[in-house]
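The values are calculated or read from the model by the stated rules, or taken from the named source; none is laboratory data. Because the structure is predicted, anything quoted here is derived from the model rather than measured. Here Cβ is always computed from backbone atoms with ideal geometry, including for glycine, and neighbour counts include all displayed protein chains. Side chains are part of the model used for accessible areas, which takes the heavy atoms of the whole protein and leaves out ligands, DNA and RNA. Shrake-Rupley method; radii C 1.70, N 1.55, O 1.52, S 1.80 Å.
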Amino acid sequence: MKIAIGADHAGVRLKDELISFIESLGHQVSDLGCNCSDSVDYPDYAIAVCEQVVAEDVDKGILICGTGIGMTIAANKIPGIRCALVHDLFSAKATREHNDTNVLALGERVIGPGVAQEIIRIWLETDFSQGERHQNRINKVKALEEKYTIHP
Ligand code: RB5
């Protein structure tokens, strides 16, 4: 798969550690920054990654900030993005099976690289369950997105 990854200054260390791990799983990683420890704004990196996901330039996105919360909030503002903040292995599997998430958010200040690697491994290898009830619920979320999108 092609994966876009982005982080703010509070997630950049974990991002840099995870890139070679993701590549070792056989995926191609596009690093969209940031690449320094200066304070930056997480929405800028959420947008960069999510726009590539929506445009289908990549298959999935991974976002990292201090808590993962800011990235999650920003990502889920973008129509077509279903982003989950995940800090445990059960949720990594469930959010692919039930929510068909296309973006994963992690908090560098919350978990270490070992847990982050296992979350990513499970999240990338788990398929959407294709269950009708899950698809119906996703369709309802898409309807909400459409209802509250302002069309010029
Ligand atoms: C940056 O200090 C921090 O607020 C940010 O990385 C993130 O945790 C926000 O949700």
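Determine the pairs where a residue that is free of Cβ contacts under 8 Å to residues at least 60 places away in the same chain, located within segment 61-73, has a partner that is of a type in the set (D, E, K, R) and part of a helix (DSSP H, G or I) with Cβ atoms under 7 Å apart, the partner being 6 or more residues away or on another chain.
As it stands, the answer is Ile64/Lys15, since those pairs meet every condition given.
Take Arg133 and decide whether it is part of a helix (DSSP H, G or I), open to solvent by 80 Å² or more (accessible area, probe 1.4 Å) and touching a residue at least 24 places away in the same chain (Cβ under 8 Å).
no
Does Asp100 qualify as being at pLDDT 95 or above, open to solvent by 50 Å² or more (accessible area, probe 1.4 Å) and under 16 Å from Asp59 (Cβ atoms)?
Considered against the rule, which asks whether it is at pLDDT 95 or above, open to solvent by 50 Å² or more (accessible area, probe 1.4 Å) and under 16 Å from Asp59 (Cβ atoms), Asp100 comes out as no.
Taking Cys50 as the residue in question, decide whether it is within 16 Å of the ligand (Cβ to nearest atom), open to solvent by less than 20 Å² (accessible area, probe 1.4 Å) and either at pLDDT below 95 or outside any helix (DSSP H, G or I) (or both).
Answer is no for this residue.
Select from segment 25-67 the residues that are of a type in the set (Gly, Ala, Ser) and closer than 12 Å to Met1 by Cα and write down the one among them that is farthest from the chain's Cα centre (by Cα).
In this case the residue turns out to be Gly26.
Among the residues that make up segment 109-129, is at least one of them assigned to a strand (DSSP E or B) and within 22 Å of Met1 (Cα to Cα)?
Looking for residues that are assigned to a strand (DSSP E or B) and within 22 Å of Met1 (Cα to Cα), one finds none in segment 109-129, hence no.
Against the definition (touching a Leu at 6+ places or on another chain (Cβ under 9 Å), in a helix (DSSP H, G or I) and in contact (Cβ under 8 Å) with a residue 24 or more places away in the chain), how does Leu18 come out, yes or no?
Yes; evaluated as a whole, the condition is true for this residue.
Kindly establish whether Asn76 is at pLDDT 95 or above, of a type in the set (S, T, N, Q) and closer than 24 Å to Asn139 by Cβ.
yes
Before we move on, is Gly26 part of a loop (DSSP other than H, G, I, E, B) and free of Cβ contacts under 8 Å to residues at least 12 places away in the same chain?
Here the answer is yes, as Gly26 does meet what is asked.
What pairs can you find where one residue is in segment 104-118 and closer than 23 Å to Asp59 by Cα and open to solvent by 50 Å² or more (accessible area, probe 1.4 Å), the other is part of a loop (DSSP other than H, G, I, E, B) and within 15 Å of the ligand (Cβ to nearest atom), and their Cβ atoms are less than 8 Å apart, with a gap of 6+ or different chains?
From residues that are closer than 23 Å to Asp59 by Cα and open to solvent by 50 Å² or more (accessible area, probe 1.4 Å), the pairs are Val115/His87.
Filter segment 3-16 down to the residues that are surrounded by 15 or more Cβ atoms within 10 Å (Cβ to Cβ) and not hydrophobic (A, V, I, L, M, F, W, C), then identify the one that is nearest to the chain's Cα centre (by Cα).
Once the filter is applied, the top-ranked residue is Gly6.
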